[in-house]
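Below is one structure; the comments refer to it alone.
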Amino acid sequence: MKKSLILMLLILSAVYVKAQQGLAFPFQGGKQVMMNYFKGHITIPQELNKKAASGAVVFKFTADDKGAIKKVIVYYADDLTLVQPLIDAIKQSDRKWIIPDGEKLHDFLLPVTITYTAPAGGSVASAQKAAYNYAINRKPVISYDQVPLDMVTLLPAVVVSYELKTE
């Protein structure tokens, strides 16, 4: 009797136990589509190309239940000039985000790295000089206050590489 009672309780409790639900990737089409989207929509302005700009930026942005971008917060940037092209790309991704069921808003953390490829021909010395000048004159954006993350989804890092144009 005791064994059958324990068995019945286990069976009944199994009905109420829910298996962990696997979340779909939060960008419509999946990870590779998201990577291709950002690589295709982040355009490096000519002024940054001339400076041989490179670095990392970490954003937190909020999407609503329709996938619309509501706000963008910069947590860290190696240089302030890197931020605007990335914000433009995030804003263009409006309505492409999928948030978990039952949520009205969801936060995403997106790390982005921008690099350049050295020119195949031309002056390598001028590219090195531009990169050095950029590195010593950059103005980082750093969050010194507490950073509330709440329920945030960390997205895979996006790496954008552009071809450096030398004079």
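The values are calculated or read from the model by the stated rules, or taken from the named source; none is laboratory data. Because the structure is a prediction, the values reported are computed rather than measured. Using ideal geometry, Cβ is built from the backbone for each residue, glycine included, and neighbour counts are taken over all protein chains shown.
If the condition is being of a type outside the set (A, V, I, L, M) and either within 24 Å of F38 (Cα to Cα) or under 17 Å from the mean Cα position of the chain (by Cα) (or both), then segment 149-167 contributes D150, T153, P156, S161, Y162, E163, K165. Checked against (1) closer than 22 Å to H41 by Cβ; (2) modelled with pLDDT under 90, I87 meets all criteria but (2). Against the conditions (1) touching a Pro at 6+ places or on another chain (Cβ under 9 Å); (2) surrounded by fewer than 15 Cβ atoms within 10 Å (Cβ to Cβ); (3) modelled with pLDDT of 90 or more, L23 satisfies every one except (3). Cβ separations smaller than 8 Å between residues 6+ apart or across chains give the following pairs from segment 119-134 residues that are over 12 Å from K165 (Cα atoms) to residues that are at pLDDT 80 or above and in a helix (DSSP H, G or I): N133/K51; Y134/K51.
For segment 91-106, taking the residues that are under 20 Å from Q32 (Cα atoms) and buried (at least 19 other Cβ atoms within 10 Å of the Cβ), the one that is modelled with the lowest pLDDT is identified as I99. Of all the residues that make up segment 111-151, how many are modelled with pLDDT of 85 or more and either in contact with a Pro (Cβ under 9 Å, 6 or more places away or on another chain) or on the phi > 0 side of the Ramachandran plot (or both)? Total satisfying the criteria: 2.
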